Amino acid sequence: MDSKFLKFLSFRYLLLAAAFVTVHSAQVWAAPNVQAESAILINARTGSVIYEKNADTRRSPASLTKVMTCILGLEEKGLDSIFNISMAAAATEYSDLGMKGGEKMRSGELMRGMMMESDNGAAVVVAQNVSGNILKFADRMNAKAKELGCRKTHFSNPHGLTAKWHYTTARDMAKIAAYAMKNPDFRNIVSSKSSVIHWASPSGKTYKADNTNRLLSFYTGANGIKTGWTSAAKGCLAASAKRNDIPGLRMRGRCWITAFP
């Protein structure tokens with residue numbers, strides 16, 4: 001295991017990254033001591049599994065949900081659509097961008113803020129502007145999950161706040177994340193350490209967003225993708241890194257991890 005991870009293991013947040021393993025094409029390595037209850041490490045290019053632990057156990061995904069929300073938003077609306085912000089979206093709990101009902105943002109700016117700051121209201125905005133409401137958008141999320149071969153996943157909202165019928169597995173989440181990372185706009189968003197988010201209306205309104213994925217700042221080769229936390233899910237991490245020109249992703253938390261090398 002990379003010494004940079006060992007250095008930070010005493011920190012609660014960075015325990016989420018304890019499952020990261022540096023993988024080389026001809027390297028033989030011992031299985032890592034993974035503290036997460038569920039984990040998977042895959043080669044994102046080939047889909048081959050390098051390591052797994054309880055990868056098919058049903059878990060709450062918390063804000064890793066936004067990986068699906070973002071990729072659907074990008075595929076349906078791109079970066080330059082104008083998104084209307086509703087009062088309901090602005091009032092969603094744990095929404096830190098400072099959105100207000102009646103404001104407008106370009107889709108790319110909105111989704112950048114959503115992924116970097118994990119803004120729950122922004123996820124509602126995506127759902128409302130893509131499908132009209134949360135329930136219809138959840139149907140699209142579930143259809144896409146099924147298309148990607150996710151057999152133990154069901155979404156009921158776009159943000160990941162705890163709900164009875166909102167769950168996935170490390171293996172399924174790896175499939176979703178690997179798919180999302182093939183999109184260059186998605187990769188650009190989740191690899192950004194910080195960014196100034198701009199409003200379309202009122203013009204001139206901005207927000208300085210910092211990515212919650214601290215691995216981007218200290219782990220060599222890290223290039224994405226999303227953190228998550230709820231009281232039910234505890235800490236979750238979907239992370240990606242590149243080694244020897246091999247792309248990869250990983251995810252994990254106290255309850256679970258999904259990873260890609």
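Residue count for the range 153-181 satisfying the condition of being among the hydroxyl-bearing types (Ser, Thr, Tyr) and in a loop (DSSP other than H, G, I, E, B): 4. Taken as a whole, the condition of being over 24 Å from residue 50 (Cα atoms), among the hydroxyl-bearing types (Ser, Thr, Tyr), in contact with a strand residue (DSSP E or B) (Cβ under 9 Å, 6 or more places away or on another chain) and modelled with pLDDT of 90 or more applies to residue 212. Inside the range 58-96, residues that are charged (D, E, K, R) and either farther than 16 Å from residue 129 by Cα or touching a Gly at 6+ places or on another chain (Cβ under 8 Å) (or both) make up a count of 6.
If you check every pair at least six apart or on different chains, which have Cβ atoms under 8 Å apart with a residue in the range 182-194 that is among the β-branched types (Val, Ile, Thr) first and a residue that is assigned to a loop (DSSP other than H, G, I, E, B) second? Between residues of the range 182-194 that are among the β-branched types (Val, Ile, Thr) and residues that are assigned to a loop (DSSP other than H, G, I, E, B), the close pairs are 190/181; 190/211; 190/213.
The values are calculated or read from the model by the stated rules, or taken from the named source; none is laboratory data. In this text the structure is predicted, and so the values were computed from the model without any measurement. No Cβ is skipped: glycine too gets one built from the backbone with ideal geometry, and neighbour counts run over all protein chains shown.
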